Amino acid sequence: EMFALHVVEKAPVMVHTRDGAELLVACVRVIDAKARKKLVKSLKGMVQKIARNEHGHVFIMGLLTLVDDTVLLASSILTELISENTPRAVKLTATGEPRPPDDDDIPAFAHVYAHRPILNLFAPLSSHYFTPKELYVPLSIPSSRSFKDPDVRRAELLAAVVPPFARWCGAAPEGLGIAAGTPFGQGVAW
């Protein structure tokens, strides 16, 4: 446990590699609730960047799967993750042509990696949506430090995700269009 506490202090640096993300998920499984709370709070302002990372999204999935404090997760991780999900106006180039969207312009619900923690709430560890490499991460093994029933945790987190997702889809025709127009957004929308 002491090793795990030391490792999670380095989370923002380690989360960007596959091995680092997997090690952090394994460490979250063994640290106590107080250390998990400190870890979640330390990620303030970095959730979007981590979730949009090829390996970092697995760490966010791990937090949403293993941390019992759903109020903290909803108010910090999920709020930050879904706060950027309003459809954005198309940016134009100097010649007036539509500019291809930057990574930051794509809402998390439709982003190639950032949608996966949200999708995992809708379809936990489904082999239909997740690759064998993603399913190998120690998410499916229950933590001895988690006391909340996984179905209750998932329902509480979904209660925080579904209303913003529904607003995003209905806010403008582009909302549902973005979701339906990307294979990643389709996984969340359907």
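The values are calculated or read from the model by the stated rules, or taken from the named source; none is laboratory data. Bear in mind that the values here come from a model prediction, so they are computed numbers and not experimental data. Cβ coordinates were reconstructed from backbone atoms using ideal geometry, including for glycine residues, and neighbour counts include every protein chain displayed. We work out accessible area using only protein heavy atoms, side chains counted, and drop any ligands, DNA or RNA first. Shrake-Rupley method; radii C 1.70, N 1.55, O 1.52, S 1.80 Å.
Before moving on, here are some points about what is shown:
- Using θ = phi - 60° in the Karplus curve 6.51 cos²θ - 1.76 cosθ + 1.60, the 3J(HN,Hα) couplings for the range 76-82 round to 10, 5, 5, 4, 5, 5, 9 Hz; x is entered for Gly and Pro.
- Element breakdown for the range 43-86 at a 1.4 angstrom probe: carbon and sulfur atoms account for 58% of the accessible area.
- Cα shape, the range 8-64, gyration tensor, a/c 1.5 rule: oblate
- Rounded FRET efficiency, nearest 0.05, which uses the C-beta distance separating residue 149 from residue 42 and R0 of 30 Å: 0.65
- Simple spin-label estimate for residue 75 and residue 5 in nanometres, 7 Å along Cα-Cβ: 2.5 nm
- Segment residue 54-residue 34, extension gain: residue separation times 0.36 nm, minus the distance between their alpha carbons: 4.4 nm
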